[in-house]
Amino acid sequence: MDALRGGPKLLAAIGAGAWLTMRAALGMGRRLIAGDALAQRQLADGLPLHVWRPLRTLLPLAALAGIIAGIGAGRLLTLYNAQIPVLSGLAEILLRDIVPLLVGLFACGSVSVALSSRLGAMALNREIDALEALGRDPVAHALGPALAAVLLSAPIHMLLGGIAAVIGCGVPLALIANVGWPLWSGFAFSHEAAAAMLTGIAKLLLYALIAFGVGSAVGAKPVRSPADIGRRATTAFTAGLLGIFSAAALWTALL
Amino acid sequence: MSALLAFEGVSLVLGGTRLLDQVDLAIEAGDRVAILADSGAGKSWLLRLAIGLVTPGSGTVRLMGVALDVAPPDVRRLLRARCGVAMQGGSLLGDLSVEENMRLAIGTGDWSKRRRGERRIDRLLLLLTQDRALAGRLCERVYRLERGRLIQQDAAVTVPDATS
(Lines give C-alpha, C1' and ligand atoms only; values in the text may rest on other atoms or scores of the structure.)
Protein backbone atom coordinates (compact mmCIF):
# COMPACT_ATOMS: atom_id res chain seq x y z
CA MET A 1 0.00 0.00 0.00
CA ASP A 2 3.00 2.28 0.61
CA ALA A 3 3.77 2.32 -3.11
CA LEU A 4 0.36 3.84 -3.87
CA ARG A 5 -0.41 7.56 -3.78
CA GLY A 6 -3.55 9.72 -3.77
CA GLY A 7 -6.85 8.17 -4.84
CA PRO A 8 -5.65 4.57 -5.29
CA LYS A 9 -4.05 4.67 -1.81
CA LEU A 10 -7.32 5.94 -0.29
CA LEU A 11 -9.31 3.23 -2.08
CA ALA A 12 -6.83 0.55 -0.95
CA ALA A 13 -7.09 1.80 2.67
CA ILE A 14 -10.91 1.80 2.54
CA GLY A 15 -10.84 -1.72 1.06
CA ALA A 16 -8.42 -2.93 3.75
CA GLY A 17 -10.59 -1.45 6.53
CA ALA A 18 -13.78 -3.00 5.11
CA TRP A 19 -12.09 -6.39 4.60
CA LEU A 20 -10.66 -6.44 8.13
CA THR A 21 -14.02 -5.43 9.62
CA MET A 22 -15.81 -8.22 7.72
CA ARG A 23 -13.17 -10.80 8.69
CA ALA A 24 -13.38 -9.70 12.33
CA ALA A 25 -17.18 -10.07 12.30
CA LEU A 26 -17.11 -13.51 10.65
CA GLY A 27 -14.21 -14.74 12.81
CA MET A 28 -15.84 -13.58 16.03
CA GLY A 29 -19.12 -15.21 15.00
CA ARG A 30 -17.32 -18.48 14.32
CA ARG A 31 -15.50 -18.33 17.66
CA LEU A 32 -18.71 -17.70 19.60
CA ILE A 33 -20.57 -20.48 17.74
CA ALA A 34 -17.68 -22.88 18.42
CA GLY A 35 -17.98 -22.07 22.15
CA ASP A 36 -14.51 -20.52 22.45
CA ALA A 37 -14.27 -19.63 26.16
CA LEU A 38 -11.49 -17.15 25.43
CA ALA A 39 -13.76 -15.22 23.04
CA GLN A 40 -16.42 -14.95 25.73
CA ARG A 41 -13.84 -13.71 28.23
CA GLN A 42 -12.44 -11.18 25.72
CA LEU A 43 -15.97 -9.94 25.05
CA ALA A 44 -16.60 -9.60 28.79
CA ASP A 45 -13.39 -7.55 29.04
CA GLY A 46 -14.20 -5.46 25.97
CA LEU A 47 -17.70 -4.46 27.06
CA PRO A 48 -16.70 -2.30 30.05
CA LEU A 49 -13.82 -0.84 28.03
CA HIS A 50 -15.90 0.18 25.02
CA VAL A 51 -19.41 0.50 26.48
CA TRP A 52 -19.39 1.67 30.10
CA ARG A 53 -16.05 3.42 30.66
CA PRO A 54 -16.53 6.04 27.88
CA LEU A 55 -19.86 7.07 29.44
CA ARG A 56 -18.02 8.93 32.21
CA THR A 57 -16.74 11.42 29.61
CA LEU A 58 -19.40 11.03 26.98
CA LEU A 59 -22.41 11.98 29.14
CA PRO A 60 -20.93 15.31 30.38
CA LEU A 61 -19.84 16.09 26.80
CA ALA A 62 -23.34 15.43 25.47
CA ALA A 63 -24.87 17.52 28.27
CA LEU A 64 -22.46 20.40 27.48
CA ALA A 65 -23.31 20.17 23.77
CA GLY A 66 -26.98 20.31 24.78
CA ILE A 67 -26.32 23.38 26.94
CA ILE A 68 -24.56 25.17 24.06
CA ALA A 69 -27.41 24.34 21.66
CA GLY A 70 -29.94 25.35 24.34
CA ILE A 71 -28.27 28.76 24.89
CA GLY A 72 -28.40 29.47 21.15
CA ALA A 73 -32.04 28.39 20.91
CA GLY A 74 -32.93 30.35 24.09
CA ARG A 75 -31.45 33.56 22.64
CA LEU A 76 -33.37 32.97 19.42
CA LEU A 77 -36.60 32.50 21.38
CA THR A 78 -36.12 35.80 23.26
CA LEU A 79 -35.90 37.57 19.87
CA TYR A 80 -38.64 35.68 18.06
CA ASN A 81 -41.48 34.05 19.92
CA ALA A 82 -41.54 31.01 17.63
CA GLN A 83 -41.52 28.16 20.11
CA ILE A 84 -42.92 25.39 17.91
CA PRO A 85 -40.47 25.61 14.96
CA VAL A 86 -37.45 26.41 17.14
CA LEU A 87 -38.01 23.70 19.77
CA SER A 88 -38.99 20.95 17.30
CA GLY A 89 -36.04 21.87 15.06
CA LEU A 90 -33.71 21.93 18.07
CA ALA A 91 -34.81 18.47 19.28
CA GLU A 92 -34.44 17.03 15.80
CA ILE A 93 -31.02 18.49 14.99
CA LEU A 94 -29.75 17.56 18.45
CA LEU A 95 -30.73 13.89 18.13
CA ARG A 96 -30.24 13.46 14.39
CA ASP A 97 -26.96 15.34 13.85
CA ILE A 98 -25.20 16.81 16.89
CA VAL A 99 -25.19 13.89 19.35
CA PRO A 100 -24.30 11.21 16.72
CA LEU A 101 -21.42 13.37 15.46
CA LEU A 102 -20.23 14.04 19.01
CA VAL A 103 -20.33 10.36 19.97
CA GLY A 104 -18.79 9.45 16.60
CA LEU A 105 -15.89 11.83 17.26
CA PHE A 106 -15.47 10.28 20.67
CA ALA A 107 -15.48 6.79 19.10
CA CYS A 108 -12.85 7.98 16.64
CA GLY A 109 -10.67 9.19 19.49
CA SER A 110 -11.04 6.01 21.52
CA VAL A 111 -11.69 3.11 19.11
CA SER A 112 -9.41 3.98 16.19
CA VAL A 113 -6.51 5.10 18.39
CA ALA A 114 -6.88 2.12 20.77
CA LEU A 115 -7.09 -0.37 17.91
CA SER A 116 -4.17 0.96 15.90
CA SER A 117 -1.99 1.11 19.04
CA ARG A 118 -3.00 -2.39 20.15
CA LEU A 119 -2.33 -3.92 16.74
CA GLY A 120 1.01 -2.11 16.53
CA ALA A 121 2.04 -3.36 19.98
CA MET A 122 0.93 -6.90 19.12
CA ALA A 123 2.97 -6.86 15.91
CA LEU A 124 6.01 -5.49 17.73
CA ASN A 125 5.75 -8.15 20.46
CA ARG A 126 5.35 -10.84 17.78
CA GLU A 127 1.94 -11.71 19.18
CA ILE A 128 0.41 -11.75 15.68
CA ASP A 129 2.98 -14.36 14.62
CA ALA A 130 2.34 -16.30 17.84
CA LEU A 131 -1.39 -16.49 17.06
CA GLU A 132 -0.68 -17.53 13.49
CA ALA A 133 1.74 -20.19 14.74
CA LEU A 134 -1.02 -21.60 16.95
CA GLY A 135 -3.37 -21.75 13.98
CA ARG A 136 -5.53 -18.92 15.34
CA ASP A 137 -6.86 -16.17 13.09
CA PRO A 138 -5.22 -12.99 14.48
CA VAL A 139 -7.96 -10.79 13.01
CA ALA A 140 -10.72 -12.72 14.79
CA HIS A 141 -8.67 -12.78 18.00
CA ALA A 142 -7.50 -9.15 18.08
CA LEU A 143 -10.36 -7.35 16.34
CA GLY A 144 -13.42 -9.58 16.81
CA PRO A 145 -14.22 -8.77 20.47
CA ALA A 146 -13.54 -5.06 19.91
CA LEU A 147 -15.93 -5.01 16.92
CA ALA A 148 -18.71 -6.70 18.90
CA ALA A 149 -18.24 -4.27 21.80
CA VAL A 150 -18.14 -1.22 19.50
CA LEU A 151 -21.34 -2.23 17.67
CA LEU A 152 -23.08 -2.91 20.95
CA SER A 153 -21.91 0.39 22.43
CA ALA A 154 -23.26 2.58 19.57
CA PRO A 155 -27.01 2.40 20.38
CA ILE A 156 -26.35 2.58 24.13
CA HIS A 157 -24.11 5.64 23.76
CA MET A 158 -26.56 7.31 21.40
CA LEU A 159 -29.53 6.71 23.69
CA LEU A 160 -27.84 7.87 26.89
CA GLY A 161 -25.97 10.70 25.12
CA GLY A 162 -29.25 11.89 23.59
CA ILE A 163 -30.98 11.95 26.98
CA ALA A 164 -28.04 13.84 28.53
CA ALA A 165 -28.10 16.38 25.69
CA VAL A 166 -31.87 16.89 26.02
CA ILE A 167 -31.54 17.44 29.78
CA GLY A 168 -28.57 19.79 29.24
CA CYS A 169 -30.54 21.72 26.65
CA GLY A 170 -33.53 22.10 28.97
CA VAL A 171 -31.58 24.16 31.56
CA PRO A 172 -30.67 27.22 29.41
CA LEU A 173 -34.06 27.04 27.69
CA ALA A 174 -35.74 27.43 31.07
CA LEU A 175 -33.33 30.12 32.30
CA ILE A 176 -33.09 32.24 29.14
CA ALA A 177 -36.39 31.73 27.31
CA ASN A 178 -38.63 30.62 30.18
CA VAL A 179 -39.42 27.34 28.40
CA GLY A 180 -40.56 24.88 31.08
CA TRP A 181 -39.50 21.22 31.19
CA PRO A 182 -43.01 19.90 30.30
CA LEU A 183 -43.04 21.99 27.10
CA TRP A 184 -39.45 21.12 26.11
CA SER A 185 -39.82 17.41 26.93
CA GLY A 186 -42.99 17.35 24.81
CA PHE A 187 -40.81 18.24 21.82
CA ALA A 188 -37.73 16.26 22.87
CA PHE A 189 -39.63 13.00 23.43
CA SER A 190 -42.11 13.30 20.56
CA HIS A 191 -42.55 10.77 17.74
CA GLU A 192 -40.49 13.00 15.44
CA ALA A 193 -37.69 13.14 18.00
CA ALA A 194 -37.80 9.33 18.33
CA ALA A 195 -37.45 9.01 14.53
CA ALA A 196 -34.52 11.45 14.68
CA MET A 197 -32.98 9.31 17.46
CA LEU A 198 -33.27 6.16 15.30
CA THR A 199 -31.60 7.99 12.41
CA GLY A 200 -28.94 9.13 14.88
CA ILE A 201 -28.33 5.52 15.97
CA ALA A 202 -27.94 4.43 12.32
CA LYS A 203 -25.51 7.30 11.72
CA LEU A 204 -23.54 6.43 14.83
CA LEU A 205 -23.27 2.77 13.78
CA LEU A 206 -21.80 3.96 10.48
CA TYR A 207 -19.37 6.32 12.27
CA ALA A 208 -18.33 3.57 14.69
CA LEU A 209 -17.69 1.19 11.78
CA ILE A 210 -15.62 3.90 10.05
CA ALA A 211 -13.59 4.44 13.24
CA PHE A 212 -13.13 0.67 13.58
CA GLY A 213 -12.16 0.20 9.93
CA VAL A 214 -9.68 3.09 10.03
CA GLY A 215 -8.14 1.90 13.31
CA SER A 216 -7.71 -1.67 12.06
CA ALA A 217 -6.42 -0.66 8.59
CA VAL A 218 -3.86 1.76 10.05
CA GLY A 219 -2.90 -0.65 12.86
CA ALA A 220 -2.35 -3.50 10.40
CA LYS A 221 0.44 -1.61 8.64
CA PRO A 222 3.95 -2.89 9.47
CA VAL A 223 5.52 -1.45 12.63
CA ARG A 224 9.30 -1.22 12.88
CA SER A 225 9.79 0.56 16.21
CA PRO A 226 7.74 1.63 19.27
CA ALA A 227 7.75 5.22 17.93
CA ASP A 228 5.79 3.96 14.91
CA ILE A 229 2.90 3.03 17.22
CA GLY A 230 2.40 6.67 18.29
CA ARG A 231 2.61 7.86 14.69
CA ARG A 232 0.06 5.26 13.61
CA ALA A 233 -2.31 6.33 16.42
CA THR A 234 -2.15 9.96 15.25
CA THR A 235 -2.75 8.88 11.65
CA ALA A 236 -5.70 6.73 12.74
CA PHE A 237 -7.26 9.63 14.67
CA THR A 238 -6.94 12.20 11.86
CA ALA A 239 -8.01 9.72 9.16
CA GLY A 240 -10.95 8.65 11.33
CA LEU A 241 -12.03 12.29 11.80
CA LEU A 242 -11.88 12.87 8.07
CA GLY A 243 -13.83 9.69 7.38
CA ILE A 244 -16.55 10.44 9.93
CA PHE A 245 -17.02 14.06 8.82
CA SER A 246 -17.12 12.99 5.14
CA ALA A 247 -19.76 10.37 5.96
CA ALA A 248 -21.77 12.92 7.99
CA ALA A 249 -21.64 15.47 5.16
CA LEU A 250 -22.64 12.84 2.57
CA TRP A 251 -25.51 11.55 4.73
CA THR A 252 -26.86 15.07 5.35
CA ALA A 253 -26.58 15.99 1.69
CA LEU A 254 -28.09 12.82 0.25
CA LEU A 255 -30.71 11.71 2.80
CA MET B 1 3.93 -42.35 1.91
CA SER B 2 4.69 -38.60 1.68
CA ALA B 3 6.89 -36.95 4.29
CA LEU B 4 5.26 -35.14 7.20
CA LEU B 5 7.29 -32.05 6.38
CA ALA B 6 9.04 -31.64 3.04
CA PHE B 7 11.07 -28.81 1.52
CA GLU B 8 11.48 -29.12 -2.25
CA GLY B 9 14.10 -26.76 -3.70
CA VAL B 10 13.14 -23.96 -1.31
CA SER B 11 14.93 -20.62 -1.64
CA LEU B 12 14.39 -17.44 0.37
CA VAL B 13 15.79 -14.00 -0.37
CA LEU B 14 15.52 -11.28 2.28
CA GLY B 15 16.70 -7.71 1.79
CA GLY B 16 18.82 -8.69 -1.20
CA THR B 17 20.50 -11.56 0.70
CA ARG B 18 19.91 -15.15 -0.37
CA LEU B 19 19.25 -16.71 3.03
CA LEU B 20 18.23 -20.18 1.85
CA ASP B 21 19.23 -21.65 -1.49
CA GLN B 22 17.57 -24.73 -2.98
CA VAL B 23 16.92 -26.45 0.36
CA ASP B 24 15.62 -30.03 0.15
CA LEU B 25 14.46 -31.69 3.35
CA ALA B 26 12.10 -34.55 4.17
CA ILE B 27 11.02 -35.36 7.73
CA GLU B 28 8.92 -38.47 8.30
CA ALA B 29 6.55 -39.14 11.19
CA GLY B 30 8.52 -40.15 14.30
CA ASP B 31 11.76 -38.52 13.12
CA ARG B 32 13.66 -36.26 15.52
CA VAL B 33 15.63 -33.66 13.62
CA ALA B 34 17.82 -30.87 15.03
CA ILE B 35 18.95 -28.08 12.73
CA LEU B 36 22.26 -26.58 13.82
CA ALA B 37 23.74 -23.47 12.24
CA ASP B 38 25.40 -20.17 13.13
CA SER B 39 23.34 -17.26 14.37
CA GLY B 40 21.70 -15.45 11.46
CA ALA B 41 22.02 -18.44 9.14
CA GLY B 42 18.24 -18.68 8.74
CA LYS B 43 17.11 -21.36 11.23
CA SER B 44 14.13 -19.29 12.38
CA TRP B 45 13.17 -18.49 8.80
CA LEU B 46 13.27 -22.22 8.08
CA LEU B 47 10.78 -22.71 10.92
CA ARG B 48 8.56 -19.92 9.60
CA LEU B 49 8.65 -21.49 6.15
CA ALA B 50 7.86 -24.92 7.63
CA ILE B 51 4.55 -23.70 9.10
CA GLY B 52 3.64 -21.37 6.26
CA LEU B 53 4.17 -18.05 8.03
CA VAL B 54 6.42 -17.02 5.13
CA THR B 55 6.15 -17.93 1.45
CA PRO B 56 9.40 -19.05 -0.20
CA GLY B 57 10.83 -17.14 -3.16
CA SER B 58 10.95 -20.43 -5.08
CA GLY B 59 10.28 -24.09 -4.34
CA THR B 60 7.53 -25.76 -2.35
CA VAL B 61 7.02 -26.53 1.34
CA ARG B 62 4.65 -29.42 2.04
CA LEU B 63 3.26 -29.85 5.54
CA MET B 64 1.35 -33.12 6.02
CA GLY B 65 1.24 -33.47 2.24
CA VAL B 66 -0.28 -30.02 1.60
CA ALA B 67 1.67 -27.48 -0.47
CA LEU B 68 1.59 -24.43 1.81
CA ASP B 69 2.22 -21.78 -0.86
CA VAL B 70 -1.01 -22.62 -2.71
CA ALA B 71 -3.14 -23.58 0.31
CA PRO B 72 -5.75 -20.99 1.44
CA PRO B 73 -5.03 -19.19 4.76
CA ASP B 74 -7.71 -21.18 6.65
CA VAL B 75 -6.16 -24.50 5.55
CA ARG B 76 -2.71 -23.26 6.60
CA ARG B 77 -4.13 -22.33 10.02
CA LEU B 78 -5.74 -25.75 10.41
CA LEU B 79 -2.39 -27.38 9.62
CA ARG B 80 -0.57 -25.06 12.03
CA ALA B 81 -3.08 -25.91 14.75
CA ARG B 82 -1.84 -29.51 14.42
CA CYS B 83 1.78 -28.41 14.97
CA GLY B 84 3.39 -27.49 18.27
CA VAL B 85 5.45 -24.37 17.62
CA ALA B 86 7.55 -22.35 20.07
CA MET B 87 9.04 -19.21 18.54
CA GLN B 88 12.43 -17.82 19.50
CA GLY B 89 12.16 -14.83 21.86
CA GLY B 90 8.78 -15.89 23.22
CA SER B 91 5.38 -16.14 21.66
CA LEU B 92 3.06 -15.51 24.58
CA LEU B 93 0.22 -13.00 24.54
CA GLY B 94 0.84 -10.28 27.10
CA ASP B 95 -2.80 -9.44 27.82
CA LEU B 96 -3.71 -13.04 28.62
CA SER B 97 -3.09 -14.90 31.87
CA VAL B 98 -0.86 -18.00 32.08
CA GLU B 99 -3.94 -20.21 32.00
CA GLU B 100 -5.43 -18.39 29.01
CA ASN B 101 -2.14 -18.57 27.12
CA MET B 102 -2.24 -22.32 27.60
CA ARG B 103 -5.90 -22.54 26.61
CA LEU B 104 -5.02 -20.76 23.35
CA ALA B 105 -3.31 -23.95 22.24
CA ILE B 106 -6.46 -26.03 22.59
CA GLY B 107 -8.16 -24.44 19.60
CA THR B 108 -11.85 -24.45 18.77
CA GLY B 109 -12.09 -27.66 16.74
CA ASP B 110 -12.97 -31.17 17.84
CA TRP B 111 -14.98 -31.17 21.09
CA SER B 112 -13.44 -34.34 22.57
CA LYS B 113 -9.93 -33.11 21.77
CA ARG B 114 -10.76 -29.81 23.43
CA ARG B 115 -12.04 -31.52 26.56
CA ARG B 116 -8.85 -33.62 26.69
CA GLY B 117 -6.72 -30.46 26.40
CA GLU B 118 -8.74 -28.68 29.09
CA ARG B 119 -8.29 -31.62 31.49
CA ARG B 120 -4.52 -31.53 30.90
CA ILE B 121 -4.39 -27.80 31.68
CA ASP B 122 -6.50 -28.28 34.81
CA ARG B 123 -4.16 -31.05 35.99
CA LEU B 124 -1.07 -28.93 35.28
CA LEU B 125 -2.51 -25.89 37.08
CA LEU B 126 -3.55 -28.05 40.03
CA LEU B 127 -0.03 -29.46 40.16
CA LEU B 128 1.45 -25.96 40.11
CA THR B 129 -0.76 -24.73 42.96
CA GLN B 130 0.06 -27.81 45.07
CA ASP B 131 3.80 -27.80 44.48
CA ARG B 132 5.11 -24.24 44.89
CA ALA B 133 8.73 -25.33 44.38
CA LEU B 134 7.80 -26.87 41.06
CA ALA B 135 5.83 -23.73 40.18
CA GLY B 136 8.87 -21.60 40.98
CA ARG B 137 11.06 -23.74 38.78
CA LEU B 138 8.50 -23.67 36.01
CA CYS B 139 8.10 -19.91 36.16
CA GLU B 140 11.87 -19.46 36.10
CA ARG B 141 11.94 -18.94 32.36
CA VAL B 142 9.19 -17.81 30.02
CA TYR B 143 9.91 -20.58 27.54
CA ARG B 144 8.87 -23.13 30.14
CA LEU B 145 5.33 -21.87 29.79
CA GLU B 146 5.60 -22.16 26.05
CA ARG B 147 6.63 -25.76 26.54
CA GLY B 148 3.55 -26.12 28.74
CA ARG B 149 1.51 -24.79 25.87
CA LEU B 150 3.22 -27.18 23.48
CA ILE B 151 2.26 -30.21 25.53
CA GLN B 152 -1.42 -29.21 25.46
CA GLN B 153 -1.48 -29.81 21.74
CA ASP B 154 -1.80 -33.27 20.23
CA ALA B 155 0.77 -32.05 17.78
CA ALA B 156 1.63 -34.03 14.68
CA VAL B 157 4.77 -31.90 14.34
CA THR B 158 6.56 -30.12 17.19
CA VAL B 159 8.87 -27.27 16.16
CA PRO B 160 10.64 -25.53 19.05
CA ASP B 161 12.92 -22.69 17.88
CA ALA B 162 15.96 -22.43 20.20
CA THR B 163 13.83 -22.74 23.33
CA SER B 164 16.03 -25.01 25.38
Exercise. Starting from the stretch B:13-41, keep only residues that are under 20 Å from B:Thr60 (Cα atoms), then list their pairs with residues that are surrounded by 13 or more Cβ atoms within 10 Å (Cβ to Cβ) and among the polar types (S, T, N, Q) whose Cβ atoms are within a distance under 7 Å, requiring at least 6 positions of separation or different chains.
Key: B:Arg18/B:Ser11; B:Leu20/B:Ser11; B:Asp21/B:Ser11; B:Gln22/B:Ser11
Self-check item: Any chance B:Leu79 is over 17 Å from the mean Cα position of the chain (by Cα) and either modelled with pLDDT of 90 or more or of a type in the set (A, V, I, L, M) (or both)
Solution: no
Practice problem: Among the residues of the stretch A:28-45, write down those that are of a type outside the set (A, V, I, L, M) and assigned to a helix (DSSP H, G or I). | Solution: A:Gly29, A:Arg30, A:Arg31, A:Gln40, A:Arg41, A:Gln42, A:Asp45
Quiz prompt | When residues of the stretch A:121-141 are limited to those that are buried (at least 21 other Cβ atoms within 10 Å of the Cβ) and touching a residue at least 40 places away in the same chain (Cβ under 8 Å), the one nearest to B:Ile51 (Cα to Cα) | solution = A:Asp137
Quiz item: Do any helices (runs of 4 or more DSSP H) lying entirely in the stretch A:96-163 carry at least 1 residues that are away from chain B (no Cβ under 13 Å), and which ones are they?
Solution: A:99-107, A:113-124
Quiz item: Pick from the stretch B:55-81 the residues that are assigned to a loop (DSSP other than H, G, I, E, B) and closer than 19 Å to B:Ser44 by Cα: which of them is farthest from the other protein chains (Cβ to nearest Cβ)?
Solution: B:Gly57
Self-check item: Residue tally, condition at pLDDT 90 or above and under 11 Å from A:Leu173 (Cα atoms), over the stretch A:68-85
Solution: 11
Quiz item: Taking the stated definitions as given, is A:Gly66 part of a helix (DSSP H, G or I), within 14 Å of chain B (Cβ to nearest Cβ) and crowded, with 16+ Cβ neighbours inside 10 Å?
Solution: no
Quiz item: Is at least one residue of the stretch B:19-39 within 14 Å of chain A (Cβ to nearest Cβ) and within 19 Å of A:Ala133 (Cβ to Cβ)?
Solution: no
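The values are calculated or read from the model by the stated rules, or taken from the named source; none is laboratory data. Everything numeric in this text was worked out from a predicted model, so none of it was measured. All Cβ positions, glycine included, derive from the backbone under ideal geometry; neighbour counts span all protein chains shown.
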